[in-house]
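Take a look at the structure set out below.
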Amino acid sequence: MDTRPQQPGEIRTTCAYCGVGCGVLAQPDGAGGVAVRGDPAHPANLGRLCSKGFALGETLSLDDRLLTPRVLDVDTDWDTALGLVADRFSQTIADHGPDSVAFYVSGQLLTEDYYVANKLMKGFIGSANIDTNSRLCMASTVAGQKRAFGTDTVPGTYEDLELADLVVLVGSNLAWCHPVIYQRLAAAKAANPAMRVVVIDPRRTATCDLADMHLALEPGSDVALFNRLLAAIYEGGAVDAAYLRHVDGFDETLRAAQAQDGRVTGLTPAQITAFCDLWTRTEKVVTVFSQGVNQSSSGTDKVNAIINCHLATGRIGKPGMGPFSVTGQPNAMGGREVGGLANALACHLDLEDAVHRDLVRNFWDAPAMPEGAGLKAVDLFEQVRTGQIKALWIVCTNPAVSMPDADMVRDAIKGCDFTVVSDVTANTDTARLAHVLLPATGWGEKDGTVTNSDRTISRQRALMPAAGQARADWDIMSDVGRRMGWTDAFAYTSPAQIFDEYAALSGLAAAMGRDFDISGLTGLGQGGYDTLMPTRWPVTMRGQTVRFFADGQFYTPSGHARMIPVAARPPVAKTVPRFPFRLNTGRIRDQWHTMTRTAKSPRLNQHLGEPFLEIHPHDAAALGIAPAGLITVTSLQGRCILRALITDRVQPGQVFAPMHWTGETAPTGRVDALVASVVDPLSGQPESKAAVVALAPY
Ligand code: SF4
């Protein structure tokens, strides 16, 4: 690891990919190339990078970049394209009302882009029909934390993992999906041989290399395991009675936990007892959870089942303790903070709260604020399909591949009256369906901020000029806002200006008792914004607070945390003779989302070069599937063809496929075409890890 401080010519920025939010020192060579290394001064990575981060410089070529606006596949100028977008959105709203239009945005957007998109839709168009691909990533955590804490507050920090004596990883393949945190955890474990790591995952992932205990529970049964843990905490005398004065709901939650049958986990009583004993007797415990928890029809309950155990023991808000959600995307957290979800407003304010709405309406001088939540992602595309959404703007994401029931979503977008796509490339399944294509700046050209999984706000900085005529997303959105008649509200000329407005709003929200406060970062000016170092919020006018909940104060009306009684529910789709296999989907180490960037790097493509299906040897033998043979995978929703990877990493009856690929020729990796649009009723997050499928040799 190169630990030299920033050298002359190096630009301090942040990685484009996962929610770890690693700092990068980038040195442009003046000819379009960039050398990168980890930033030793960034608190998330302390100089480390993973394979994707190291390859950032290999992904900047202009091959397949969208360089000019296009209308109906014909190059045009910005004035024509944005004039058409503003006219069509205005006319659609005039004819059919504000809820006939929608934005679908991305956790890859910078905070300033996100802020402007939300302000335009929720304050000026007058609809809440803006949702984000973060709905697919961590909406269940948002819903669970709001139920427990009153706000979507992540109490933990990365340092807590290193300070813990027990780290429990639930539904998290940290080694591949958050590699630098895995590296930090591995180093901490090496330095502290007493540290224990438990992995809870139906699949034996690379993360299990670090595990002292791997619990391969039944898919979707996490609530049952954590309910058994809560019962064991009580029976073992590990309840923190003093802390419980800050907590409501203990008795009813305990009763629900004690009624839970642990057998649904598929684990042996000895395994459950060993886990509960370890957790109960270890004071410093961090429970990390990720997509295996979130992407579930009971995702919110899973989050609360985990938080319940930490509240009962008072193991929260203290060094080396707490529940800790790790997010998938680089700015999923920033999107949550800025109100990127259809039921949220900026600064962790709630759209459905009249007082919160009034605060934002007055601050924005907004003419048309909706009073209820908008359409969450799955419902949004359903209304595109039925024609209720007549104008759709998709920004920086590829839902025709990544949404569940992806073939339906692709066809819905294709049938929409008017579709706008802003992206860096025209070469995605979604961009190919657009009536208007708008070239956006990409990593290395963009300027703004992101927030990582432990609340650290970092700057992404431009290293090079924008490609072709590409413009920043905040700039494109602001231009359309002005063309729709809101000249003053969208008169932004820089991301620093937007950030300043956002920080000022956070001060008002905090004065109302909300958690998100970056008012201490107001008035930075362009110079202060340009030199802003990574900063963990909250940053109030009085200074920075490192830990939430250390004082037992929460953001509920009573000021207490809430324990939530929950009972395990199996995945909605049941295996049946026609569809006898349970399909788990997820990421691989060296690709990102639908591969628009990472597939440009030959080095990254060498890791796993084509779509595949992990299948247990017994199942492969029973079906006559040979190693590396092609398998047709079908569900009620769709079909794809994958290369067999025969391994006992998956259990019999279960299969795993990565979610990155698309394509028309075998193997075809449109895995989300197999996944039903089943969602968690509270969070609206799809159940992306528990489809049921049939397999046959191709
Ligand atoms: Fe980028 Fe995540 Fe890798 Fe860090 S761990 S270098 S943020 S992909």
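The values are calculated or read from the model by the stated rules, or taken from the named source; none is laboratory data. Because the structure is a prediction, the values reported are computed rather than measured. As a convention, Cβ positions derive from the backbone with ideal geometry for all residues, glycine included, and neighbour counts pool all protein chains shown.
Yes or no, residue by residue, for (1) within 16 Å of the ligand (Cβ to nearest atom); (2) in contact with a strand residue (DSSP E or B) (Cβ under 6 Å, 6 or more places away or on another chain); (3) closer than 30 Å to residue 514 by Cα:
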residue: 138; (1), (2), (3): yes, no, yes
residue: 146; (1), (2), (3): no, no, yes
residue: 163; (1), (2), (3): no, no, yes
residue: 192; (1), (2), (3): no, no, no
If you go through region 41-86 one residue at a time, how many are at pLDDT 95 or above, within 16 Å of the ligand (Cβ to nearest atom) and not hydrophobic (A, V, I, L, M, F, W, C)? 8
Among the residues of region 263-276, is any in contact (Cβ under 8 Å) with a residue 60 or more places away in the chain and not in a helix (DSSP H, G or I)? no
Is it the case that residue 586 is in contact (Cβ under 8 Å) with a residue 12 or more places away in the chain and closer than 30 Å to residue 296 by Cβ? yes
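Out of 401, 424, 384, 409, which single residue is β-branched (Val, Ile, Thr) and in contact with an Asp or Glu (Cβ under 6 Å, 6 or more places away or on another chain)?
Working: 424 fails: in contact with an Asp or Glu (Cβ under 6 Å, 6 or more places away or on another chain); 384 fails: in contact with an Asp or Glu (Cβ under 6 Å, 6 or more places away or on another chain); 409 fails: in contact with an Asp or Glu (Cβ under 6 Å, 6 or more places away or on another chain).
Among 401, 424, 384, 409, only 401 is β-branched (Val, Ile, Thr) and in contact with an Asp or Glu (Cβ under 6 Å, 6 or more places away or on another chain).
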Scanning region 1-26 for residues that are touching a Ser or Thr at 6+ places or on another chain (Cβ under 7 Å) and at positive phi gives 21
Can you find a residue in region 589-603 that is more than 14 Å from the ligand (Cβ to nearest atom), under 25 Å from residue 217 (Cβ atoms), touching a residue at least 24 places away in the same chain (Cβ under 8 Å) and surrounded by fewer than 22 Cβ atoms within 10 Å (Cβ to Cβ)? no
Output the residues belonging to region 1-24 that are within 12 Å of the ligand (Cβ to nearest atom) and assigned to a strand (DSSP E or B). 13, 14, 23, 24
Being within 16 Å of the ligand (Cβ to nearest atom) and more than 23 Å from the chain's Cα centre (by Cα): is that true of residue 618 here? no
All-but-one check, residue 632 against (1) in contact (Cβ under 8 Å) with a residue 24 or more places away in the chain; (2) over 22 Å from residue 173 (Cβ atoms); (3) among the β-branched types (Val, Ile, Thr); (4) not in a strand (DSSP E or B), failing number (4)
Could you tell me whether residue 316 is away from the ligand (no atom under 16 Å from the Cβ) and assigned to a helix (DSSP H, G or I)? no
Do you know which residues across region 204-214 are crowded, with 22+ Cβ neighbours inside 10 Å and more than 18 Å from residue 646 (Cβ to Cβ)? 207
Condition broken by residue 676, with the remaining ones in (1) assigned to a loop (DSSP other than H, G, I, E, B); (2) surrounded by fewer than 16 Cβ atoms within 10 Å (Cβ to Cβ) satisfied: (2)
Give me a count of the residues in region 606-629 that are free of Cβ contacts under 8 Å to residues at least 40 places away in the same chain, part of a helix (DSSP H, G or I) and surrounded by fewer than 20 Cβ atoms within 10 Å (Cβ to Cβ). 4
For region 452-534, give me every one of the helices (runs of 4 or more DSSP H) that falls completely inside it and has 1 or more residues that are under 30 Å from residue 552 (Cα atoms). 495-511
Going through region 493-546 in order, the residues found to be small (Gly, Ala, Ser) and over 18 Å from residue 359 (Cβ atoms) are 494, 496, 520, 523, 525, 527, 528, 543
Apart from one, (1) closer than 30 Å to residue 502 by Cα; (2) buried (at least 19 other Cβ atoms within 10 Å of the Cβ); (3) touching a Lys or Arg at 6+ places or on another chain (Cβ under 9 Å) all hold for residue 586; the odd one out is (1)
Being part of a loop (DSSP other than H, G, I, E, B) and either touching a residue at least 60 places away in the same chain (Cβ under 8 Å) or in the same structural domain as residue 685 (by TED's automatic domain parsing) (or both) is the filter here, so list the residues in region 416-427 that pass it. 417, 424, 426, 427
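Mind checking which helices (runs of 4 or more DSSP H) fall wholly inside region 121-239 and carry at least 3 residues that are assigned by TED's automatic domain parsing to the domain that holds residue 274 and not hydrophobic (A, V, I, L, M, F, W, C)? Before you say what the answer is, go through the steps one by one.
Working: elements: 139-149, 158-163, 174-177, 179-191, 222-235.
The helices (runs of 4 or more DSSP H) meeting that bar are 139-149, 158-163, 179-191, 222-235.
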Scanning region 277-310 residue by residue, the ones that are surrounded by fewer than 24 Cβ atoms within 10 Å (Cβ to Cβ), assigned to a helix (DSSP H, G or I) and of a type in the set (Val, Ile, Thr) total 1
Among the residues of region 436-453, write down those that are surrounded by 24 or more Cβ atoms within 10 Å (Cβ to Cβ), of a type in the set (A, V, I, L, M, F, W, C) and over 20 Å from the mean Cα position of the chain (by Cα). 437, 438, 440
Checked 201, 152 against criteria (acidic (Asp, Glu), buried (at least 21 other Cβ atoms within 10 Å of the Cβ) and over 22 Å from residue 458 (Cα atoms)); the one match is 201
For region 48-58, check the following and say yes or no: at least one residue is crowded, with 19+ Cβ neighbours inside 10 Å and in a strand (DSSP E or B). no
Failed condition for residue 34, given (1) surrounded by 17 or more Cβ atoms within 10 Å (Cβ to Cβ); (2) β-branched (Val, Ile, Thr); (3) within 30 Å of residue 420 (Cα to Cα); (4) more than 12 Å from the ligand (Cβ to nearest atom): (3)
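Quick check on residue 309: is it more than 23 Å from the chain's Cα centre (by Cα) and at pLDDT 95 or above?
yes
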So, in region 165-186, how many residues would count as being within 16 Å of the ligand (Cβ to nearest atom) and either buried (at least 23 other Cβ atoms within 10 Å of the Cβ) or closer than 21 Å to residue 217 by Cα (or both)? 13
